[in-house]
Amino acid sequence: LGDDSNVNRSVPILVGSDSDWMAVSTGAAHTCGLRGDKLFCWGANFYGSLGDGVPNIHQKIPKAIAVALSWTKVAAGVEHTCGVASDGSLYCWGRNIFGQLGDGTKVDSSIPTLIGVGDWTQLAMGTYHTCGIESDSIYCWGYNWWGQLGDGTSGDGLTPERVGVESDWAQVALGGNHTCGVESGVAHCWGGNWAGQLGRGAADSPPRPTRIGLSGTWTQVAANLRQICGLRGGELYCWGRNLVGELGLGTVESEPLPVRVGTNSDWSTIATGYTYACGLRSGAL
């Protein structure tokens with residue numbers, strides 16, 4: 001939590017005294033944030049996920065990462081982290097057991113490692129795989145047993161590989177072993193599908209982007225371990241695992257196809273956690 005303690009909190013607590021934070025991203029047990037153009041991380045530092053060059057030394061307050069660059073984006077995964085510098089270059093650090101850092105190896109790194117130059121506009125982190133959008137194309141790398149990298153194979157990817165030939169992807173979202181994205185208003189998913197999280201109404205796990213089973217103009221998808229929610233014309237839909245009611249349907253039955261949540265049509269954004277979802281409707285949470 002970055003409050004210089006190990007005390008659990010049930011209400012929000014201010015982190016430090018600075019008031020110029022621009023963005024924040026949380027992993028399994030670590031947090032990173034942008035303050036101005038500086039990047040800070042704190043929490044658990046197994047495998048070097050804090051990027052400060054000293055793995056396994058945990059931090060209770062925000063600590064600057066080891067590479068002094070101007071940063072514009074950060075995304076924290078389970079045990080690894082990636083960020084985008086002001087020149088559009090992509091860096092990753094932390095655990096790399098399946099190649100999720102994208103540096104061509106499976107060696108952990110406790111400092112940011114340059115993965116690729118270009119114009120990286122979005123990052124998305126799964127459990128052990130990573131994807132990003134560069135010049136409106138999706139690239140993925142890391143763990144690929146279920147085909148979640150979208151390249152048609154089940155072998156791990158050690159460097160970013162382009163997904164398909166489309167160059168008009170607007171968004172990408174990663175679950176535990178699956179990936180979804182929005183391309184020209186069409187929602188696609190690929191990878192693991194044992195809980196129906198690909199939204200196709202079928203039990204197969206396609207290793208390439210496949211349209212979900214509901215047409216229309218999609219603006220966002222959000223993924224967690226085995227659940228997906230998405231926005232379509234201001235309407236909210238969810239599908240996949242539903243063991244504790246995480247689909248918001250008032251039931252605990254999993255759904256292999258998108259099901260509309262409620263009757264409202266003024267949803268503006270949606271986010272999914274491990275077994276829950278939250279969203280904004282007309283500015284109200």
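The values are calculated or read from the model by the stated rules, or taken from the named source; none is laboratory data. Keep in mind that what you see is a predicted model, and the values were worked out from it rather than measured. Here the Cβ is made from the backbone with ideal geometry for all residues, glycine too, and neighbour counts use every protein chain on show. Calculation scope for accessible area: heavy atoms of the full protein, side chains included, ligands and nucleic acids excluded. Shrake-Rupley method; radii C 1.70, N 1.55, O 1.52, S 1.80 Å.
Okay, here's what the table says:
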item: Meets criteria (over 26 Å from Thr127 (Cβ atoms), open to solvent by 40 Å² or more (accessible area, probe 1.4 Å) and among the aliphatic types (A, V, I, L, M)) for Ile57; result: no
item: Where a residue in segment 64-92 is closer than 19 Å to Gly53 by Cβ and its partner, wherever it lies, is polar (S, T, N, Q) and open to solvent by less than 10 Å² (accessible area, probe 1.4 Å), with Cβ under 6 Å and at least six apart; result: Glu79/Ser49; His80/Ser49; His80/Gln100; Thr81/Ser49
item: Of all residues making up segment 128-145, the number that are open to solvent by 10 Å² or more (accessible area, probe 1.4 Å) and either farther than 14 Å from Arg208 by Cα or modelled with pLDDT under 95 (or both); result: 5
item: Elements of type strands (runs of 3 or more DSSP E) contained in segment 226-285, each with 1 or more residues being open to solvent by 50 Å² or more (accessible area, probe 1.4 Å) and touching a residue at least 12 places away in the same chain (Cβ under 8 Å); result: 227-232, 255-260, 267-272, 277-281
item: Test: residue in segment 64-83 that is assigned to a strand (DSSP E or B), surrounded by fewer than 19 Cβ atoms within 10 Å (Cβ to Cβ) and at pLDDT 95 or above; result: yes
item: Residue that is farthest from Ile138 (Cα to Cα), among those in segment 98-118 that are in a loop (DSSP other than H, G, I, E, B), at pLDDT 95 or above and in contact with a Gly (Cβ under 9 Å, 6 or more places away or on another chain); result: Asp108
item: Those residues of segment 200-213 which are open to solvent by less than 50 Å² (accessible area, probe 1.4 Å), farther than 12 Å from Gln148 by Cβ, part of a loop (DSSP other than H, G, I, E, B) and of a type outside the set (Gly, Ala, Ser), in sequence order; result: Ile212
item: Selection status of Pro55, touching a residue at least 40 places away in the same chain (Cβ under 8 Å) and touching a helix residue (DSSP H, G or I) at 6+ places or on another chain (Cβ under 7 Å); result: yes
